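We did not get these values from a lab; they are worked out from the coordinates using the rules stated. Since this is a predicted model, take the numbers as computed values, not measurements. We place every Cβ from the backbone using ideal geometry, glycine too, and count neighbours over all the protein chains shown.
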Amino acid sequence: MDRVELEAGFKSHDRALFVKEGWIRDPYISRGSDDWFYLTGTTPNPGDSREQSDPYNTGLGEQSLVGWKAQVFRSRDLIDWESIGTPFSLKDGIWYGADRAAFDDSDLEQWRLWAPELHWVEEMNRWALVHTSPYPLKKANLAISGSDKVSGPWENPMGTAIERRHDPSLFKDDDDTWWLIWGATTIAPLKPGFTDFASEPVNIHPAGNTEKMGHEGCLIMKIEGKYVLFGTGWSTHMGRRGSYNLYYATADKITGPYSERKFAGRFLGHGTPFQDNDGRWWCTAFYNGNVPPVSRVGIQDRDLSETAQTINQRGTTLVPLEVKLKKNGELYIRAKDPDYATVGPDEAQEFE
């Protein structure tokens, strides 16, 4: 998409916009106090030739394109993006020092840094970065930047207490308490400065027949006075079959009880809902399939259950969201682009 088309799309807020090329999974966008939007995610190491030779690498297994350094990009307008390099790597995390032998005795080519998120911590005037890793250790990191820039030297205030937490995320509540979210789904409040857990973890889940939000990519936001738990899962409830979707549930307390699981959007799995400079909601989307992207023609009625399939191109796509509080007090969140808003025929859960 050229700039004119993107500017028109941001203004109309009614269709998906492809804003950045480049292999990425789990794209996470946050806004800093400097009014820059920061984008990170599961990325290759810079310069990996496989990004050209194997453009639709699944990011899984020994042939995975995923690297061990977190690439970060920034933009003022969500259109023009510039790289700020790889400010964080597995060597900056707690485990590189705590269990150095595991790193020294492993194949560097197999080191993986998954699903990094950047969160601005106003009271510390610092950035917090969380991520998970499958190798050389199945562990997570929670690191704090060395200044108000996304840069080191990084501190690891929780030490090894962070342990193994799949797809960790952070949420700051109205009382200034920070919560760690991981798995699908466990949450726990953190002590000031992220030094440790303030109390025992609590498991939360949607009501009804769907026991979990999905299997990964869970995060919490507070919207219109409601706690919103987002989660990711395959439409068929079977691994890498169908479309990779985003779901949500709402509650009046962070610990629940939560509503039934609701549908936010097809092909939006492990995306980040966020607001632009005008307060409009968008969600990141990315390529996650076993085959190259499929055509959007007739996609709303197409059963994708044969294998993992998506309409998303490789890179970062932004999909507009409708977010509103209904008269009955129910929070409604749904993609606005019809190809993302429509529940596919391969969806195992029935939605109203």
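Tabulated data for the structure shown
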read-out	value
Area projected by the alpha carbon convex hull of region 222-352, averaged over all directions, nm²	8.3
Full-extension gain in nm, Asp99 to Ala198, via 0.36 nm per residue minus C-alpha separation	33.1 nm
Residue of Asn209, Asn277, Asn288 that the Gaussian network model of the chain assigns the largest fluctuation, springs spanning Cα pairs under 10 Å	Asn209
Cα-projected label distance for Ser147 with Met221, points at 7 Å along beta-carbon direction, nm	3.1
Flagged links, alpha-carbon separation over 26 Å, of Lys149/Lys191; Lys20/Lys222; Lys20/Lys172; Lys11/Lys69	Lys20/Lys222; Lys20/Lys172; Lys11/Lys69
Difference of contour (0.36 nm per residue) and Cα-Cα distance, Asp278 to Glu5	96.5 nm
Radius of gyration, Dmax [the chain; alpha carbons; angstrom]	19.2, 59
Fluctuation leader among Gly214, Gly97, Gly271 - the chain, Gaussian network, Cα springs under 10 angstrom	Gly97
Ascending count of other beta-carbon atoms within 10 Å, so fewest first, for Val297, Val291, Val323	Val297, Val291, Val323
Region 55-138 - Rg over Rh from alpha carbon coordinates, Kirkwood radius	1.02
Cα-based convex hull volume of region 157-246 per residue, rounded to whole Å³	105
Mean-position separation - Cα centroids, region 212-238 and region 152-179, in angstrom	19
Rg and Dmax of region 105-157, Cα atoms only, in Å	12.6, 39
Whole-Hz couplings from phi, Karplus 6.51/-1.76/1.60, listed for region 268-280; x for Gly and Pro	9, x, 6, x, 10, x, 7, 10, 7, 5, 9, x, 7
All Cα pairs of region 291-338, percent lying beyond 14 Å	65
Pair-distance profile P(r), taking every C-alpha pair of region 7-110, with 5 angstrom steps and integer %	2, 10, 17, 19, 19, 13, 10, 5, 2, 1, 0
Distance histogram in 5 Å bins (all Cα pairs of region 132-201, percent per bin)	4, 16, 24, 27, 20, 8, 2, 0
Ranking of Arg112, Arg240, Arg3, Arg266 by count of other Cβ atoms within 10 Å, fewest first	Arg3, Arg240, Arg112, Arg266
